[in-house]
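Please treat every number below as a calculation from the coordinates, not as lab data. Please read these numbers as outputs of a predicted model, since none were measured by experiment. Quick reminder, even Gly has a Cβ in these numbers, built from the backbone with ideal geometry, and neighbours come from all protein chains shown.
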């Protein structure tokens, strides 16, 4: 249960960051979050005109096959890095 608590705390901490993370970091967090909470990517990749949707889909798809607990821990690690300023 400790990992679930850490994951929830990381979600809360990421909302309170003093500055907005870079787009690449946000996509990394998105992909890890979706993999941790929903499993492997679902649905079709959005069309060429939906650039933001495509990037989000690709970030999630890049985590395909990653176990939920591994994704949760990776999410926590990324948030810890962002909080530390790195």
Residues in segment 45-86, backbone N under 15 Å from the label point at residue 13 (7 Å along the Cα-to-beta-carbon vector): list them, ranges by number please. 72-86
Hey, can you rank 38-48, 55-65 by average C-beta count inside 10 Å, highest first? 55-65, 38-48
Nearest 10, in degrees from 0 to 90: the angle of helix 2-15 to the longest Cα principal axis of the chain is 80 degrees
State the Kirkwood hydrodynamic radius of segment 2-83 in Å, one decimal place, computed from all pairs of distinct Cα atoms. 13.0 Å
Can you give me the distance in nm between label points at residue 50 and residue 37, each placed 7 Å from the Cα along the Cα-to-Cβ direction? 1.8 nm
